[in-house]
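Structure record follows, encoded as structure tokens.
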Amino acid sequence: MVRGPFIPRNWMGACETFEEADWVLVGLPYDGTTSFRPGTRFGPEAIRGASWGLETYSPLQDADLDGTPYFDAGELEFPLGNRDAILTMIRENARDVVQAGKRWLGLGGEHLVTFPVIEAYVEKYPDLAILHFDAHADLRDDYLGEKLSHATVLRRCVDLVGADSLVQLGIRSGPQEEFAWMRKNGTLLETREDLPKALARLEGRPVFLTIDLDVLDPSIMSGTGTPEPGGMSFSTFVEWLMEFRHLNFVGADVVELSPHYDPSGVSTVVAAKVVREVMLLGRKQNQQTAQAAKAAAGTTA
Ligand SMILES: [Mn+2]
């Protein structure tokens, strides 16, 4: 018998049980269709480690994770190499979370992991809309002959929800046809002037938020499979995110962290902070209010 205490390996501050959670974090260590630099299978574990360096309070949103029950389910153990079996596992797990009335928060992993989650979501929310941050449109109909790939994932999601249920930000790389498609279908939010139109697509509907971390500039996000120069600073990213914070987010994922390409560890810290801000979206809970509520409930902080 060794006494401990031992360092927890889950996400900082997570609650004990699935039942009490609002958000459910699920690690998705899969990078099987990655076309350039593999390694996102190590993303979720790295994000968990970095979470311990975060504060629970977000000055940006004046909200605290203490008032946000979230459960860290851990990493799914995948039969690596069997893409279809892995997608089925993710779909079934996401379905359990969604049908229990909880919000999925997937930690990638490559971006293909979003598709089976959207499949599970549209079963419960047929009017689901998707808000997509990425350097890449991921709208190819196939990639090297494959219909299911990190490069086609948003096209597969559009097959389910329709092009008029998608809003995309930060896209700065892709073939001309993808840009033509986005402009034709009005999915690409390029300037502040486009914001009201984008919000009109999303307001009043259940929204799934999918964030490919390569939307951020490689200067803070070198730790990703397909870095693209010219990306958002962290400040610009959160400014955009705050434009959407009043929406009804029913689930989210944060994908494509590949920690071994970032020896400084900065990308992983950024990723963890993105996850924190996502969990606090829509929760306008002032810290003092939360503490007062705790005191009233007779619990200790
Ligand atoms: Mn991308």
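Rule-based calculations on the coordinates, nothing more; no lab input. Just so we're clear, the structure is a prediction, and the values are computed from it rather than from any experiment. Don't worry about glycine lacking a Cβ; one is built from the backbone with ideal geometry, like all the others, and counts go over all protein chains shown.
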Estimate the FRET efficiency between GLU77 and MET242 by the formula 1/(1 + (r/R0)^6), using the beta-carbon distance for r and 30 Å for R0, to the nearest 0.05. 0.25
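Given a cut-off of under 8 Å on Cα pairs at least six residues apart, what relative contact order in percent is computed for the chain? Could you put the intermediate results ahead of the total?
Working: 594 pairs, mean separation 69.5, N = 301.
Once normalised by length, the contact order is 23 percent.
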Given a Förster distance of 35 Å, the FRET efficiency implied by the Cβ-Cβ spacing of PHE36 and ARG205, rounded to the nearest 0.05, works out to 0.55
What is the packing order of peptides 264-271, 83-90, 13-20, taking the mean over residues of other C-beta atoms within 10 Å and listing the highest first? 264-271, 83-90, 13-20
Taking the chain, the lysine pairs whose C-alpha atoms sit under 21 Å apart (8 or more places apart or on different chains) add up to 5
Along each of the three principal axes of the Cα atoms of the stretch 23-293, give the extent in whole Å, ordering the values from largest to smallest. 57, 41, 39
